[in-house]
Amino acid sequence: MAIDPLHTGAAYPTLSLAAIVTLLLLCGGIIHSDVTQRRIPNAYCLAVAGLAVFWWLGLSGWSGLVGLLQQMLVPLLAAVPLLVLFALRVFAGGDVKLLLAMLLWVPINGISAMLIVMVLGGGVLALALKASSRVFCAVKARTVPYGIPIIAGALLILIPEFRTVLRGVAGSEMGKAVAASSVVPGSRKPMAAQ
């Protein structure tokens with residue numbers, strides 16, 4: 001049973017927001033490394049996987065960790081086919097590790113959509129690199145930085161959850177402001193109680 005943050009709201013929206021911001025920063029580093037060096041460092045993949053704990057905890061409190069345990073079944077089941085793709089040199093090792101880490105973030109019901117976006121995005125990227133190598137002779141792309149479509153697929157699926165967290169953070173800040181403005185100066189009782 002996956003936890004659906006769209007309908008329940010985030011238990012700790014600030015924790016979820018911190019996880020989102022850190023994930024986005026890591027994604028920037030991953031894309032930079034993948035494009036410039038065609039390498040995704042293990043530290044990035046481990047950080048993305050570790051952040052998933054804070055993401056799920058922020059979404060649903062301690063019960064989110066149960067959701068994370070259920071979510072961990074997906075990368076475990078995906079590991080064997082991905083290792084086969086790695087052995088066939090379809091995917092590089094960093095791409096496999098990044099995909100497994102990102103699968104910890106994406107809700108189970110969004111994984112198929114993520115994979116479709118990832119495959120289509122990878123195809124478009126490969127075609128664009130091929131075309132650019134023909135137009136600009138100096139551009140010689142022998143490999144596709146597949147980290148880009150992996151990240152794009154995951155983030156596109158996570159947008160609704162990110163919006164829910166942002167609404168939760170905005171709502172909690174607005175709620176504090178409303179509560180503070182409804183207190184009579186010099187007293188701790190709300191105006192309605194006076």
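Nothing in this text is a laboratory measurement; each read-out follows from the coordinates by a stated rule. Worth saying up front: this structure is predicted, and the values here are computed from it rather than measured. With ideal geometry, Cβ positions are generated from the backbone for all residues, glycine too; neighbour counts draw on all protein chains shown.
So the values come out like this:
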item: Segment PHE162-LEU88, length gained on full extension (0.36 nm per residue, minus Cα span); result: 23.1 nm
item: SER132 paired with GLN37, simple spin-label distance in nm, labels 7 Å along Cα-to-beta-carbon; result: 2.0
item: Separation of the SER63 and LEU24 label points, Cα + 7 Å toward Cβ, nm; result: 2.9
item: Packing rank of 43-56, 117-130, where each peptide gets the mean count of other beta carbons within 10 Å, highest leading; result: 43-56, 117-130
item: Peptides ranked, highest mean first, by Cβ atoms within 10 Å: ranges 103-115, 73-85; result: 103-115, 73-85
item: Distance histogram in 5 Å bins (all Cα pairs of segment 23-100, percent per bin); result: 3, 15, 20, 21, 19, 13, 6, 2, 0
